[in-house]
Structure formats: structure tokens, C-alpha cells
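Written out below as C-alpha cells is the structure these notes cover.
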Amino acid sequence: KLAKRPKAEIDRIVGEIAHSLALDTLLDRYPRQLSGGQRQRVAMGRAIVRQPQVFLFDEPLSNLDAKLRVQMRAEIKALHRRLGTTMVYVTHDQIEAMTMADRIVVMRDGVVEQMGEALELYDRPRNVFVAGFIGSPAMNFVPGRVESPDGGAPVLRTPEGLVLALPEAARRWAGQDCTYGVRPEDIALGGGGAGEASAVVRSIEPTGPETHVVLGIGETLRLNCVLRERTQARVDDRVGFLPDVRKVHLFDTRTGLRLPVDA
């Protein structure tokens, strides 16, 4: 109204945006009659109708329930494609960042740790912080020392006596204290074959399409595993496990920076 837009145009634009935000049945309500999540969607709509050159979203989905949050992620992506407008989206939810962003900037204490596309950060994290932040459940980290016994294949040996295989390119870091990183979905439970390590099952969480298993090694070391298939293992069983050596990460323990072991 302040911009002197025709009433028909106002009704059309407000109606389209209200429908995209699932607010079209609430337009006759006062703010005091809306829930926190509904008010948050109204604020988004107020920004959209102004047709700005840049949107700044500061955790716009934080007050929404899980189902509506998934729906609104898709709506915001569709809105971005439709408007072609730059959107700066601030979130602590790395799932939102992974699923929505063309480019992600991971920050800590005001410092940019890494910037890039979602899968670039996932597959090639610059340091331990980025590796632990991107991915759910988070990457497993195992401290130890790189060894290459008798010129054989390099391994990481932990204070608990655990020995984990490393890619051949890790040989250059022999003798150095490093942190071994492996994502939960890159660990398979085995049947006692060659090269497997041993651990005790501490918990099992079936989610339907996946099964989350926590393995215990010694008193303190824990490894999260995500299995696509069903497992016959039970809590307190001792099982073999085998990380996919092709997808292992290695980080300098002192600096936290990722060491190249994939070439």
C-alpha cells in the first residue's frame, strides 16, 4: 500500500507468497494468534514481497517442527530458483547447509575455516573442525601414530593398541602423531576376516533404512557406524569391523589440518 501498488497486484503477490509459505489459511489472523513458527514464516513473507536484491536468512527454520522444516527447505530452494536472487543463509544445522547451499562457508569464532560446495567440504574437509561439523553422525576421530612396519603397508597405531589400515600414500607421514578420521557410513561390520579390527558393541539404534551402531574400544574410544543393511549383532557382542581405507582421512594432530593421503 505504501508503494501505491494496485490492490489486484497486492492480492496476487501476497496470495502467491502466502501459499508458498503455507500461510494462506491464516491471513485473517492477528500476530498474537500465530505460533512462533507461523510468525517466523510471516517474517520471511514480508522480506519476499519487498523483492530485495539480497536476502539474509538468519536461522529462519529454527522454530519449525521437523516435518515443516523439510517442507520449507524445499520451498526456499524453489524460491531461489524462481527469483534468482542471492541468498545468504545463516544456520547451525549442517543438514540445512548441505541440502540447500550452492556454496557453504564454514566459520568458527568469526574466521572462515573452509568455503566450497557441499560435497567438496564433505569429501575433502580442510581440517578437523570442518570434518567434524559436516556430516551426521559426525566423523569418527582416532588419535595415534602412523607406522610403516618393515616397509609394509602404513597403519595407524593407537594408545589402546588398535591398528587401523591407511592408504599407501600415508607412508610419508610415518613416525608422526596423527588423527585418523573415518565417517560412520564408511565402516563395515565384518566376520573376522583378514585386516579387521575388533571392538565391543555398546549400542544399536535401528532407524528403518539404517542401523546406527556404537563400537567401544578400551575404556574411552567410541566409533559410530551407520549400516545400510540389518545386523545380527547384539549389545556386548565382540565384532570385527573394517573401515574403507579408500575413504580414510588423516589429520595433523598438532595443527588439525588434513594431510593428503588420497594420491
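The values are calculated or read from the model by the stated rules, or taken from the named source; none is laboratory data. Everything numeric here is computed off the predicted structure, so don't read it as measured data. Every residue, glycine as well, gets a Cβ built from its backbone with ideal geometry; the counts of neighbours run over all protein chains shown. Just so you know, the surface numbers come from the protein's heavy atoms only, side chains and all, with ligands and any DNA or RNA stripped out. Shrake-Rupley method; radii C 1.70, N 1.55, O 1.52, S 1.80 Å.
Determine if segment 193-212 includes at least one residue that is under 23 Å from ASP123 (Cβ atoms) and in contact (Cβ under 8 Å) with a residue 24 or more places away in the chain.
yes
So is TYR122 of a type in the set (Phe, Trp, Tyr) and touching a strand residue (DSSP E or B) at 6+ places or on another chain (Cβ under 6 Å) or not?
So TYR122 fails the test.
Output yes when any residue across segment 63-72 is surrounded by fewer than 17 Cβ atoms within 10 Å (Cβ to Cβ) and touching a residue at least 40 places away in the same chain (Cβ under 8 Å), and no when none is.
Looking for residues that are surrounded by fewer than 17 Cβ atoms within 10 Å (Cβ to Cβ) and touching a residue at least 40 places away in the same chain (Cβ under 8 Å), one finds at least one in segment 63-72, hence yes.
What number goes with the only condition from (1) at pLDDT 90 or above; (2) over 27 Å from ARG108 (Cα atoms); (3) within 21 Å of the chain's Cα centre (by Cα); (4) open to solvent by less than 60 Å² (accessible area, probe 1.4 Å) that GLU205 does not pass?
Tallying (1) at pLDDT 90 or above; (2) over 27 Å from ARG108 (Cα atoms); (3) within 21 Å of the chain's Cα centre (by Cα); (4) open to solvent by less than 60 Å² (accessible area, probe 1.4 Å), GLU205 fails exactly one: (4).
Return the only residue of GLY175, GLY151 being at pLDDT 85 or above, over 29 Å from the mean Cα position of the chain (by Cα) and at positive phi.
Residue meeting the stated conditions: GLY175.
Using the structure shown, decide if LEU215 is crowded, with 17+ Cβ neighbours inside 10 Å, farther than 14 Å from VAL248 by Cβ and in contact with a strand residue (DSSP E or B) (Cβ under 9 Å, 6 or more places away or on another chain).
yes
For segment 230-262, how many residues are open to solvent by less than 100 Å² (accessible area, probe 1.4 Å) and either of a type in the set (A, V, I, L, M) or assigned to a loop (DSSP other than H, G, I, E, B) (or both)?
Residues in segment 230-262 being open to solvent by less than 100 Å² (accessible area, probe 1.4 Å) and either of a type in the set (A, V, I, L, M) or assigned to a loop (DSSP other than H, G, I, E, B) (or both): 18 in total.
Report those helices (runs of 4 or more DSSP H) wholly inside segment 68-186 carrying at least 1 residues which are touching a Pro at 6+ places or on another chain (Cβ under 6 Å).
Those helices (runs of 4 or more DSSP H) span 128-133.
Mind listing whichever residues of segment 1-31 are out of contact with any helix residue (DSSP H, G or I) (no Cβ under 8 Å at 6 or more places or on another chain), among the hydrophobic types (A, V, I, L, M, F, W, C) and open to solvent by 60 Å² or more (accessible area, probe 1.4 Å)?
Hits for segment 1-31 are LEU2, ALA3, ALA8.
Between ALA3, ALA47, ALA18, which is small (Gly, Ala, Ser) and in a loop (DSSP other than H, G, I, E, B)?
After ruling out the rest, the residue left standing is ALA3.
Give me the pairs, please: first residue somewhere in segment 243-263 and touching a residue at least 12 places away in the same chain (Cβ under 8 Å) and closer than 17 Å to GLU147 by Cα, second residue anywhere and open to solvent by 50 Å² or more (accessible area, probe 1.4 Å) and of a type in the set (D, E, K, R), beta-carbon distance under 7 Å, and either six or more positions apart or on two chains.
THR253/ASP177
Could you tell me which numbered condition ALA8 fails, if it satisfies all but one of (1) at pLDDT below 90; (2) farther than 25 Å from ILE134 by Cβ?
Looking at each condition in turn, ALA8 falls short on (1).
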